[in-house]
Each structure stands twice: as C-alpha cells, then as structure tokens.
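A.B. asks: Got a structure for you, questions after.
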Amino acid sequence: MTISPRDGGRDPYDAAARPTASPVLTPHQRRAVDELEAALRERRFAPFLLWGVTGSGKTEVYLQAMAAAVASGRNCLLMVP
C-alpha cells in the first residue's frame, strides 16, 4: 500500500455543486415561512423562534425568509456557528 497526497480538485463554487431549486417544504415549514413573509410584507417587528431537532429544516426556513426579505429590498444577516 502506498499513501500519497492528492489534490481532490473539488470546486465548491462549481455550478454543479449548487442546487437549482429550493426543496419542497413540509406543512410546518411552509406555515413558518408564510408567517415570516407576512411580517415582512406588513413591515412590522415580530419575534420568531424556530424550534426543532437537528435536521428538521430550520435553516431552510431561515433561507427562504431571507430570500423573501432580499426580494422586497431589505437586508439580511445569516450567522452560523
């Protein structure tokens, strides 16, 4: 057996690595996005808490809400650990 370093050649910015469409939301996710978008449309402050186990889709809800905010001319900040 021989071990040698090798360049994987992976380009994270390659178009093939990016999804072409948003995933289909579950009914609970859709409801959360709808409520967030309603607050954005009405331009009112509303605190939201997304609760769920790891892998339940909270990030997708945040991303879709952010897309709606940007589409309406507003700014967003996404902070990840």
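The values are calculated or read from the model by the stated rules, or taken from the named source; none is laboratory data. This is a predicted model, so every value here is computed, not measured. Because the Cβ atoms are built from the backbone with ideal geometry, glycine has one as well, and the counts that use them run over all protein chains shown. All accessible areas refer to the heavy atoms of the entire protein, side chains included, with ligands and DNA or RNA removed. Shrake-Rupley method; radii C 1.70, N 1.55, O 1.52, S 1.80 Å.
A.B. asks: With a cut-off of 8 Å between alpha carbons and a minimum separation of six or more residues, what is the relative contact order of the chain in percent?
C.D. replies: Working: 25 pairs, mean separation 20.8, N = 81.
Taking the mean separation of contacting Cα pairs over the length of the chain, I get 26 percent.
A.B. asks: Carbon and sulfur together cover what percent of the accessible area of the chain at a 1.4 Å probe radius? If you can, show how the numbers build up before the last one.
C.D. replies: Working: 4260 of 7320 Å².
Taking all protein chains in place, the chain shows 58 percent carbon and sulfur surface.
A.B. asks: Sticking with this one: With r as the distance between the Cβ atoms of Thr20 and Phe48 and R0 = 35 Å, compute the FRET efficiency 1/(1 + (r/R0)^6) and round to 0.05. The partial results should precede the final answer.
C.D. replies: Numbers: r = 28 Å, r/R0 = 0.80.
Calculated value: 0.80.
A.B. asks: Moving on. How much length, in nm to one decimal, is gained on full extension between Arg31 and Val70, taken as 0.36 nm per residue of separation minus their Cα-Cα distance? Don't skip to the end; give the middle numbers.
C.D. replies: Details: separation 39, 0.36 × 39 = 14.04 nm, distance 1.95 nm.
Fully extending the segment from Arg31 to Val70 adds 12.1 nm.
A.B. asks: Angle, helix 58-71 long axis vs. longest principal axis of the chain, Cα atoms, 0 to 90°, nearest 10?
C.D. replies: The answer is roughly 70 degrees.
A.B. asks: For a quick check, take a GNM of the chain with Cα springs below 10 Å and name the residue from Ala68, Ala38, Ala21 with the largest mean-square fluctuation.
C.D. replies: Between Ala68, Ala38, Ala21, it is Ala21 that shows the largest mean-square fluctuation.
A.B. asks: If each DSSP helix of 4+ residues adds -39,500 (n - 2.57) and the sum is divided by the residues in the chain, what number results at 222 nm, nearest 500 deg cm²/dmol?
C.D. replies: -11500 deg cm²/dmol
A.B. asks: So, for the chain, what is the accessible surface per residue at a probe of 1.4 Å, expressed in square angstrom?
C.D. replies: Working: 7320 Å² over 81 residues.
Counting only protein heavy atoms, the per-residue value for the chain is 90 Å².
A.B. asks: Kindly write out, for the range 40-47 in residue order, the coupling ³J(HN,Hα) from the Karplus curve 6.51 cos²θ - 1.76 cosθ + 1.60 (θ = phi - 60°), rounded to whole Hz, with x marking Gly and Pro.
C.D. replies: 5, 4, 7, 6, 10, 6, 8, x
A.B. asks: With charges set only on the Cβ (+1 for Lys and Arg, -1 for Asp and Glu), what does the dipole of the range 19-81 come to about its Cα centre, in debye to the nearest 20? The partial results should precede the final answer.
C.D. replies: On the way: 7 positive and 5 negative charges, 24 e Å.
Once rounded to the nearest 20, the dipole reads 120 debye.
A.B. asks: While we're looking at this one, here's another question. Among [x] 183; [y] 113; [z] 75, only one was calculated for this model; which label is it, if the read-out is volume of the Cα convex hull per residue in Å³?
C.D. replies: For volume of the Cα convex hull per residue in Å³, the calculated option is [x].
A.B. asks: Further question on the same structure: Pulled fully out, how much extra length does the chain show between Ala38 and Arg6, if you take 0.36 nm times their separation in residues and subtract their Cα-Cα distance?
C.D. replies: Values: separation 32, 0.36 × 32 = 11.52 nm, distance 5.03 nm.
Contour length minus Cα-Cα distance gives 6.5 nm.
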